Amino acid sequence: MVTALFTGCGSASTSASSGGKKKIVLGFAQVGAESGWRTAETNSVKDIPKNNSDIQLRFSDGQQKQENQIKAIRSFIAQKVDVIALDPVVETGWDTVLKEAQDAKIPVIIVDRSVNASKSLYTAFLGSDMEEEGKKAAKIVIDHFGKDKPCNIAELQGTVGSSAMVGRQKGFNETIKDYTNIKIIKSESGDFTRAKGKEVMEAFLKSDGNKINCLWSHNDDMGVGAIQAIEEYGKKPGKDIFIVSVDGIKDMFQMMKDGKTNGIVECNPLLGPQLAETAKAIVNGKHVEKFVKSKESVYLPDQAAKELPNRKY
Ligand code: GZL
């Protein structure tokens, strides 16, 4: 677990004050650094003190381990921070530590991924509707294959037990259930990383390369890794194998511009500004919505060239 102090004014101060006014001390327990999306989210959060002189950030990288995130939250409680933000690596196992924060009268904001815990244990959730993202991805596949064309899908799942993986898989599977021509024939976790996505896709191709004609990847990083595997296997990604993924990172827009993928469902990582506003509202006793949903789009090949220069991550 790596914890750092970000004040934005370059001074590592323990007493959080500037110009006499007490700063809001925000502790952020991050999942890890597994993907381009995650890096973009981390950068957006670390920019908070630069754009909000009244906030001091304490940031912890959980290295994709729940026990590290729980330790970070307990450390934030011991430091008596004003607000705790958690991006939970998995959905379950948070009740005890969230109760400890509540007993310490420290409000908690859940960011990006969601938790399976009583809603009374956190003040707000800022993030995406992962099921909706899965439905959007399935619609791209259905629009291409219709009700008749055989579609044999290889699915690269995200981190097992994460709300991103659970929600996207649920939304996708519910949407394709009435299409008898559309089947998931291989499904395994690539843990949201490029390297693992490539490795799992290589195994899929080895066993069923002659059958797979569609790849559904729960995030772009695994999809980029899979595209490399498909090319090394001797097939044309985006043509021999129809591809759809979630996030909207720059590298995947480049792939789409090059004709190597067929659909990107955006998942917004730039949550820093919303998190700062929500933390300030809570500390100042203002009402905040329980679920602040991120704004997200879907991109198809004819939009890639125009959208690529706009991508910030
Ligand atoms: C989704 C986020 C996921 C991204 C992945 O909101 O939690 O985790 O889709 C990231 O790229 O690793």
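The values are calculated or read from the model by the stated rules, or taken from the named source; none is laboratory data. Source: prediction; values computed, not measured. Positions of Cβ are backbone-derived with ideal geometry, glycine not excepted, and every protein chain shown enters the neighbour counts.
For this structure, a couple of remarks:
- Considering segment 175-294, the qualifying helices (runs of 4 or more DSSP H), each wholly inside and each with 1 or more residues that are buried (at least 24 other Cβ atoms within 10 Å of the Cβ) and not assigned by TED's automatic domain parsing to the domain that holds GLY134, run over 272-283.
- Test: residue in segment 213-226 that is modelled with pLDDT of 95 or more and more than 18 Å from GLY190 (Cα to Cα): yes
Per-residue answers, yes or no, for (1) within 19 Å of ILE106 (Cα to Cα); (2) surrounded by fewer than 20 Cβ atoms within 10 Å (Cβ to Cβ); (3) over 16 Å from the mean Cα position of the chain (by Cα); (4) at pLDDT 95 or above:
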site: GLY10; (1), (2), (3), (4): no, yes, yes, no
site: THR14; (1), (2), (3), (4): yes, yes, yes, no
site: GLY20; (1), (2), (3), (4): no, yes, yes, no
site: TRP37; (1), (2), (3), (4): no, no, no, yes
site: ILE48; (1), (2), (3), (4): no, no, yes, yes
site: ARG58; (1), (2), (3), (4): yes, no, yes, yes
site: LYS65; (1), (2), (3), (4): no, yes, no, yes
site: ILE73; (1), (2), (3), (4): yes, no, yes, yes
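- A search for C-beta distances below 6 Å between a residue of segment 32-58 that is aliphatic (A, V, I, L, M) and any residue that is within 16 Å of the ligand (Cβ to nearest atom) and part of a helix (DSSP H, G or I), counting only pairs 6+ apart in sequence or on different chains, returns VAL45/GLY272; ILE48/GLY272.
- Test for ILE140: is it touching a residue at least 12 places away in the same chain (Cβ under 8 Å), assigned to a helix (DSSP H, G or I) and touching a Leu at 6+ places or on another chain (Cβ under 8 Å): yes
- Within segment 145-191, being of a type in the set (A, V, I, L, M, F, W, C) and under 18 Å from GLU132 (Cα atoms) holds for LEU156, ALA164, MET165, VAL166, PHE172, ILE176.
- Residue match in segment 145-155 (condition: part of a helix (DSSP H, G or I), modelled with pLDDT of 95 or more, within 16 Å of the ligand (Cβ to nearest atom) and in contact with an Asp or Glu (Cβ under 8 Å, 6 or more places away or on another chain)): no
- Close pairs (7 angstrom Cβ cut-off, 6 or more residues apart or separate chains): farther than 11 Å from VAL89 by Cα and among the hydrophobic types (A, V, I, L, M, F, W, C) in segment 66-77, crowded, with 17+ Cβ neighbours inside 10 Å and at pLDDT below 95 anywhere: ALA72/THR3
- Counted residues, segment 63-110 - those being touching a Pro at 6+ places or on another chain (Cβ under 9 Å) and either under 16 Å from SER163 (Cβ atoms) or among the small types (Gly, Ala, Ser) (or both): 5
- Residue list for segment 32-69, restricted to those being within 16 Å of the ligand (Cβ to nearest atom) and not in a helix (DSSP H, G or I): GLY32, ALA33, GLU34, SER35, ASP61, GLY62, GLN63, GLN64, LYS65
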